[in-house]
Every structure is written in C-alpha cells, then in structure tokens.
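Step one of this worksheet: look at the structure below.
The values are calculated or read from the model by the stated rules, or taken from the named source; none is laboratory data. Note that this is a predicted model, so its numbers are computed, not measured. Cβ sites come from the backbone with ideal geometry, for glycine too, and all protein chains shown count toward neighbours. Please note that ligands, DNA and RNA were not included when accessible areas were found on the heavy atoms of the full protein model with its side chains. Shrake-Rupley method; radii C 1.70, N 1.55, O 1.52, S 1.80 Å.
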Amino acid sequence: MNFFLQQLANGLAAGSIYALIAVGYSVIYGALQMVNFAHGNIYMFGTFMFMAVTTATKNIFLGVLVGVVCSGALAMAVERFAYRPVRKANYLVPMISAFGAALIIQNICQLLFSTRTFPFPASVPNLFIDIGSIRISVYQLAIFVVALIIMLVITFLLKRTRLGQAVNCVSQNKVSSELMGINVNSIISLIYCAGAVVGVVGGMFFALYYNSIFIGMGFLGTMKGWIAAVVGGIGNIKGTFIAGIILGLVEAFGSAFISSAYRDVISYAVVIIVLIWKPNGLFGSQIAEKA
Amino acid sequence: MSMLKISGLHVGYGNIEVLHGLNIEVNEGELVTIIGPNGAGKSTLLKTISGQLAPISGTIEFEGKPIQGMPPHKIVQMGISQCPEGRKLFSRSTVSENLLIGAYIRNNKAEAKVDSEKYMARFPVLGARRNQPAGTLSGGEQQMLATSRAMMSHPKIVLLDEPSMGLAPQLVKEIFKMIREIKKDGGTILLVEQNAAMALKIADRAYVLETGQISLEGKARDLLHNDSVRKSYLGEETSETKLP
Ligand SMILES: Nc1ncnc2c1ncn2[C@@H]1O[C@H](COP(=O)(O)OP(=O)(O)OP(=O)(O)O)[C@@H](O)[C@H]1O
Ligand SMILES: [Mg+2]
C-alpha cells in the first residue's frame, strides 16, 4: 500500500510536469493549428533565467516571476519575428523559422550559462505529510495541485471570458475575427505568451523535481510533453492534461513493476497503442475536422 | 458632409492594380449600392474600406477622418461593420454565439444579449437553431445570421457584400426585406450586389463598377431605367426578381 501510494505520488508529480509542458503546446495548437517547435527552448530559457535570478537574489519568488516573464516575452518575440512575417506562407515555412528560433535561443543560453548541468538554485525542505503509516512528499503533491490550478484557470479563461471568446474566434477564422473588432495580432501574441508561461512552470518544476537545469531540458521535456499532447489529442487542453498525468503514472508504475530502464520504452508503447486505437488521440475528435 | 467619402482610390494585389481611382460617397441614412460584373473589384473595395487591404493611393474618410490603412479592428470600433462575401461565420460556434460575437466591441453584454434575442425572434429559423453550430445552417439561414451578426456591433454604416449570392428567390426576398428594415431604422448601408434589379429597386443611389472603374453613377431609380444598365445588368425581368 505504502509502495503503491509512493508510486502514485511520483507519477502524479512527473505527470504534472509533462502535462504543463504539453498544455503549452496544446494551447497554441488549439488556437492556431501551429506547432510551436521553439516551445522547449523557450521554457528552457525561462528556467535558466529563473535560476540566474534566484541564485543572484536568493529570492525564489522573484526568480519565478522573472522566469515566467522572460518566457512569455521571449515567446511573444519569437511569434513577432519568426512566425508573423510568414503566417500566410505554406505551413513548412513557419516550422523552419521555428527551428531557427529554437537554435538561436539554445546558442544564446549556451553562451550565457555554458553546457553544464546546474542544481536547483534553492534548497527545498523535504516536507512530508504523514497519513497513518504513509508518508507523502509535500512538494510532489504541490506540483500536482499547482498544475491542476493552472489548468483550471486556463479552462476558465478560454470558456468563460471575452478573451476566450476572442481566442475561439481566431481559431476558427482570422479574417472574420478582425471584422468583429478583435485585434487578431495581439490575441495570437497572447496565445504564444500563455503557452510559454504554462511551459516554464513545467520547466521550473522539472528543475525542482529532477534537481537539474541544463540546455537539453527543453528537448527532454519536449519529448514527453509532445507525447502527452499527441496522446491527449493535441489542441484539446483538458485531454492533453489528462494524458500528461496518465503518462506520468504509467511511467512510475512501469518503472516500479517492470524496470526503470524501460521507462521511455513504456511511454512510447503507450503512444503507439493509443494512436493505433484512436488516431486523433484520446480526446482529439473535435480538431480532426479543422478546415 | 458625407459619412463615407472615398477619393481617388487605387488598390491592388501585389503589383496588379485592381481599382483605378474610385470616388464614392455615402451619406448618413442612405442606401447606396455598387453593382458590376464578376471580378470588377467590388469585394476589393469593401475589403479596403474595412481595412483588410491597404490602398496604393487615395483616401477613405469616415465622418471626416481618414481611415485608409488602419487595422480592421480599429475600423470596426469606429462604427463600420462588414458582412463579408461568402458569409464567413464561425462555423463551430452556435447561432447564438455567433450573434454575441458580433457585439464583441460593445461593453454592455446584457444589452447585446437582448439584441441577439431580438434577431432570433426576427428570424424564427435562427431562434429554433440557437444552439446549433452555425456551420450546419442552410445557405439562406447563414446569410440571415451573418447579416444580423454584422448589425450586432451597432454600426454607423454596414457594408454588405453580395448578401443574395447563391440564394433561392424566396430567400433573396427575405434578405432584401431585412436590408430595407435596417434602412428604415435609420441605418446607413453600402450594398454590393450582382442582383442589380433588386439592388437598384431598394437603393437611393448607385454606382456601376466595371474593371476597377466607376462607369456610371446616379439615382438608383434613374439607373434602373438607363439603357446600358438595362442591357448589361437587368436583362429580362422575371417575376422572381420583383419585390413583394
Ligand atoms: N487575393 C487576391 N490576390 C490576387 N488577386 C485578387 C485577389 N482577390 C481578388 N483578386 C483579383 O481582383 C479582381 C477583383 O476581384 P474582386 O473579388 O474584388 O471582384 P468582385 O467584383 O467582388 O467579383 P465577384 O462579383 O465575383 O465577387 C479580380 O480580377 C480578382 O482576380
Ligand atoms: Mg466579390
């Protein structure tokens, strides 16, 4: 029982990180049918900035704030300079400019921070909650709760606010949206910003959970986030979130009961099985008919 | 002073010029129609007014202020609403959501809600399908919805691009009835139409646009009896094109 709950907590925490990174993709894909290939490096950059500021000021809250702002601003810059000029071009063109942007960001990070692996910049007290004979780590639960809250906030914004109404319009028809008085450029810019903010929260949790920050984390998190987005039905935010959590749980229990060496094999097996069974992902029916 | 004043307007796509120096005016409360054959540049003109295209040269003044080259959302906020060719509804959103989106720039959402109910009562087919995705409506229903949506922002002037396109005669009548109602309520309308007979009957003034130039303008009634207009655009009148 104890062991089961421990794996559950491990799975929820890792799954929440995958979910946040994946939701970052899905927010953008759902609204714009665009895969932001620079996503991984954008949140990696934000995580490094978080580290730099936290280390320099010893203030983790300021660090988080700066990390979030830097990621959001960088995503808006990438949108403005790499995607907007080629928005009307063939879809391969923004893909290539995305790879270009990703490379530039990665190289800047290497110049600024080298290719070393850094530990999490603040000491985290190892708090536990004891329920009877069972101990659950507080920060594992906290990761899950924060991810859940972020996901609920996004859902609320998209479903219940004027901003969400505008995003929904832009996702369907940009020309008509303009004719309704919607500032399409700023909505698109905001969507990229939102995707990056969610992503960098995932990135900072990644840093916390694995106690490491390194240039490759963008790519690493991206692989898992991407799997979650595809399995959940990319563009479907709730589906993506659930798929992220499922992926985390499958990995945790798979590592425990089979072997941790097979963790990645298990995640890819999940993708393949789901996609054979449901080619649009678990929750992806709506976006299949995108015009 | 005219509400909308277009002077010496040149517009093109890439380096192909499509509109060659247009002068058009619309006064407050007027229904002005622009008729002309396919490819004359009618939609290009409306897209330029609503800000989707920037002119090569020339000016567009709205209530005395130049608006050419302004972004579309700013132009909507000034009070110019366009119902685009081919309707361009938000096809996954419901009928009632589409109407409410039309009031995006208005601050009072409760009033917008009341207005949307008014349109769904005015067109019972829309009311009956209020929770249905707009993409599932018939062509005629979509046009009613698109025209209503364009009115939801309370525009000072509404630009209608071929509202009768592809509709059965009965529905064409229904749409034109709606246009006359907008005018009766004091609305100002710039109507682009290929159904010249119907358009000339309800309009105050008309322009004939041919290959990017105004070839004829005047009172709609006069154009209705103009020989060259009759030959090129009216042909034989059929009973379907008569107003009820
Ligand atoms: N996006 C575009 N790129 C290049 N040329 C265009 C574009 N849109 C329209 N044109 C050209 O501009 C000219 C005018 O087109 P426009 O759509 O304004 O005509 P129209 O009068 O509205 O015709 P219709 O009655 O068929 O709607 C046409 O020759 C057309 O081929
Ligand atoms: Mg046209």
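Shape verdict for the range B:167-206, please, from the Cα gyration tensor: rounded (a/c under 1.5), prolate (a/b greater than b/c) or oblate.
Taking the square roots of the gyration eigenvalues as a ≥ b ≥ c, the range B:167-206 is oblate.
In the structure shown, the pairs B:Lys88/B:Lys177; B:Lys184/B:Lys219; A:Lys174/B:Lys201; B:Lys109/B:Lys173; A:Lys174/B:Lys42 are assessed against 29 Å; a Cα-Cα span above that value is assigned to A:Lys174/B:Lys201; B:Lys109/B:Lys173.
The Rg/Rh ratio of the range A:109-249, with Rg taken over Cα atoms and Rh as the Kirkwood radius over Cα pairs, comes to 1.05.
The mean of 1/r over all pairs of different alpha-carbon atoms in the range B:85-154, once inverted, gives a Kirkwood hydrodynamic radius of 11.5 Å.
Packing, taken as the mean count of other beta carbons within 10 Å per residue, orders the peptides B:138-147, A:141-150, A:116-125, B:184-193 from highest to lowest as B:138-147, B:184-193, A:141-150, A:116-125. Here the Karplus curve 6.51 cos²θ - 1.76 cosθ + 1.60, taken at θ = phi - 60°, turns the phi angles of the range A:45-54 into couplings of 4, x, 5, 4, 5, 4, 4, 4, 6, 5 Hz, with x standing for Gly and Pro. Tell me whether chain B comes out rounded, prolate or oblate; compute the Cα gyration tensor, take square roots of the eigenvalues as a ≥ b ≥ c, and use a/c under 1.5 as the rounded threshold. In terms of gyration-tensor shape, oblate. Take each residue of peptide A:158-169, count the partner chain Cβ atoms within 10 Å of its Cβ, and average: the result is 2. With θ taken as phi - 60° and the Karplus curve 6.51 cos²θ - 1.76 cosθ + 1.60 applied, the whole-hertz 3J(HN,Hα) list for the range B:69-82 is x, 6, x, x, 5, 5, 5, 4, 5, 6, x, 10, 10, 10 Hz, x standing for glycine and proline.
In this structure the amide hydrogen of B:Gln132, modeled in the peptide plane, comes within under 5 Å of the amide hydrogens of B:Val95, B:Ser96, none closer than 5 places in sequence on its chain.
When Rg and Dmax are taken over the Cα atoms of the range B:9-87, they come to 12.3, 36 Å.
Is the range B:123-186 rounded, prolate or oblate when judged by the Cα gyration tensor, a ≥ b ≥ c being the square roots of its eigenvalues, rounded requiring a/c under 1.5 and prolate requiring a/b larger than b/c? Here the range B:123-186 falls in the oblate category. In chain A, the longest principal axis of the Cα atoms and the axis of helix A:2-32 are about 10 degrees apart.
Buried between A and B is an accessible area of approximately 1900 Å², summed over both sides with a 1.4 Å probe. Residues in the range A:249-255 carry Karplus couplings, in order, of 5, 4, 5, 5, 6, x, 5 Hz; the curve used is 6.51 cos²θ - 1.76 cosθ + 1.60 with θ = phi - 60°, and Gly or Pro positions show x. For the protein assembly as shown, the average shadow cast by the Cα convex hull is 29.8 nm², which is a quarter of the hull's surface. Dividing the summed helix terms, -39500 (n - 2.57) for each DSSP H run of n ≥ 4, by the number of residues in chain A produces a 222 nm estimate of -24500 deg cm²/dmol to the nearest 500.
Net charge near B:Asp204: determine it from the other residues with C-beta under 10 Å of the C-beta of B:Asp204, scoring Lys and Arg +1 and Asp and Glu -1. Taking every Cβ under 10 Å from that of B:Asp204, the sum is +3.
For A:Phe120, nonlocal amide neighbours, meaning residues 5 or more places apart or on other chains whose placed amide H falls under 5 Å from its own, are A:Ser212. Across the protein chains, with a 1.4 Å probe defining accessible surface, the residues A:Tyr262, A:Tyr209, A:Tyr192, A:Tyr91 rank A:Tyr91, A:Tyr262, A:Tyr209, A:Tyr192 from largest area downward. Surface composition of the range B:1-65: carbon and sulfur make up 48 percent of the accessible area, probe 1.4 Å. Counting Cβ atoms of other protein chains within 10 Å of each residue's Cβ and taking the mean over peptide A:179-190 gives 6. Take every pair of alpha-carbon atoms less than 8 Å apart whose residues are at least six positions apart; their mean separation over the length of chain A yields a relative contact order of 36 percent.
For B:Gln82, the amide hydrogen comes within under 5 Å of the amide hydrogens of B:Leu159, counting only partners 5 or more places away or on other chains and with H modelled in the peptide plane.
Dividing the summed helix terms, -39500 (n - 2.57) for each DSSP H run of n ≥ 4, by the number of residues in chain B produces a 222 nm estimate of -9500 deg cm²/dmol to the nearest 500.
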